[in-house]
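Handing you a structure now.
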Amino acid sequence: MKNFPSRLALGVRTHAAALLLLAPLAAGVIATPAAAQQRAEVAVAPAPAIERFVLRTHGRIEPGRELRFRLVGRPGGEAWVRVPGLQRRIELTEERPGVYEGFYTVRRRDNTQSFSRAMGTLQHGPQRVMARVQVRGDDDQPQAKDERGPVIAELSPAPDQRVAGRNRMRISARVTDEGSGVDPASVRLVLNGRDVSPELRVEGDEVQFRGFLARGHHTAELEVRDRAGNTTRRAWSFDVRGRG
């Protein structure tokens, strides 16, 4: 009976040691399903994908034209456009789930042909995918026939206005077209019966002429045509008085 306590203590110590040895194994067995589930979730996480990347030009790509980029893909990401020759990328905003849009106004120094080589990027975390742009003149729906001519507005000098004479006077107007767009090569200005079209400057939707006009009454006629062949003419007159 004297050995009973010692045998009991030895049994307790042996049992405790066995539990300590089994504890890490049990923890590993318990953690294994969670770790496997986490690895499985990472494995099946969807990669970013681009279904469609389109450039809407609404007419010919030229200085002053506003371009619209639209990228359709996996929602919740970050999207942008790179155009060869442009130093900065064009950011796209997710207007609705999976639809990213951005706008850019063409500048005079831009190479208009480079926009057809634009690349769109969609990124989710460290994953990203790219796509080449598809250039389209307008929405996917068939376009209505353009039967309306361009609009000529903001004449300067205004009709019947009396202006002070200067060394070089400025005659200008704004020309716009909601249909096929203005053909810049078609713009023609006749001043006092003389065709001064070679001296015109056409920048975006602004037409401008600078030259010396003597004191007295002057007449001007501006003609512009859109790409569908519709023509608009606007004639007006103004007076130049002594230098102010």
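The values are calculated or read from the model by the stated rules, or taken from the named source; none is laboratory data. As the structure is a computational prediction, the values presented were derived from the model and not from experiment. Using ideal geometry, Cβ is built from the backbone for each residue, glycine included, and neighbour counts are taken over all protein chains shown.
Every residue in region 200-230 that is among the charged types (D, E, K, R), part of a loop (DSSP other than H, G, I, E, B) and buried (at least 17 other Cβ atoms within 10 Å of the Cβ), please.
In the first step, residues of region 200-230 are kept if they are among the charged types (D, E, K, R); the result is 201, 203, 205-206, 210, 215, 221, 223, 225-227.
Right, trim to part of a loop (DSSP other than H, G, I, E, B) and you get 205, 215, 227.
If the condition is that a residue be among the charged types (D, E, K, R), part of a loop (DSSP other than H, G, I, E, B) and buried (at least 17 other Cβ atoms within 10 Å of the Cβ), then Asp205 is the only one that fits.
When Thr93 is evaluated against the numbered criteria (1) under 14 Å from Thr57 (Cα atoms); (2) exposed (fewer than 13 other Cβ atoms within 10 Å of the Cβ), which criterion, by number, is the only one it fails?
(1)
Residue under question is Val151, and the condition is that it be on the phi < 0 side of the Ramachandran plot, touching a residue at least 60 places away in the same chain (Cβ under 8 Å) and not charged (D, E, K, R); does it hold?
Details: on the phi < 0 side of the Ramachandran plot: yes; touching a residue at least 60 places away in the same chain (Cβ under 8 Å): yes; not charged (D, E, K, R): yes.
So Val151 fits the description; yes.
Might you let me know whether region 182-196 holds any residue that is β-branched (Val, Ile, Thr), modelled with pLDDT of 90 or more, within 33 Å of the chain's Cα centre (by Cα) and surrounded by 12 or more Cβ atoms within 10 Å (Cβ to Cβ)? Give the steps one after another, and end with the answer.
Let us first name the residues in region 182-196 that are β-branched (Val, Ile, Thr), namely 182, 187, 190, 196.
Those left that are additionally modelled with pLDDT of 90 or more: 187, 190, 196.
Adding the requirement that they be within 33 Å of the chain's Cα centre (by Cα) leaves 187.
If we keep only those that are surrounded by 12 or more Cβ atoms within 10 Å (Cβ to Cβ) as well, we get 187.
Yes: region 182-196 contains one or more residues that are β-branched (Val, Ile, Thr), modelled with pLDDT of 90 or more, within 33 Å of the chain's Cα centre (by Cα) and surrounded by 12 or more Cβ atoms within 10 Å (Cβ to Cβ).
Within region 178-192, which residues are assigned to a loop (DSSP other than H, G, I, E, B) and touching an Asp or Glu at 6+ places or on another chain (Cβ under 9 Å)?
Going through region 178-192, the residues assigned to a loop (DSSP other than H, G, I, E, B) turn out to be 178-181, 183, 187, 192.
Matches in region 178-192: Glu178, Gly179, Ser180, Gly181, Asp183, Val187.
Could I ask something else about it? Any idea which of Gly165, Gly181, Gly211 is of a type in the set (Gly, Ala, Ser), out of contact with any Phe, Trp or Tyr (no Cβ under 6 Å at 6 or more places or on another chain) and either free of Cβ contacts under 8 Å to residues at least 40 places away in the same chain or closer than 30 Å to Tyr104 by Cα (or both)?
Numbers: Gly165 fails: either free of Cβ contacts under 8 Å to residues at least 40 places away in the same chain or closer than 30 Å to Tyr104 by Cα (or both); Gly211 fails: either free of Cβ contacts under 8 Å to residues at least 40 places away in the same chain or closer than 30 Å to Tyr104 by Cα (or both).
Within the list Gly165, Gly181, Gly211, the selection yields Gly181.
If Phe103 meets every condition in (1) in a strand (DSSP E or B); (2) modelled with pLDDT under 90 apart from one, which number is that one?
(2)
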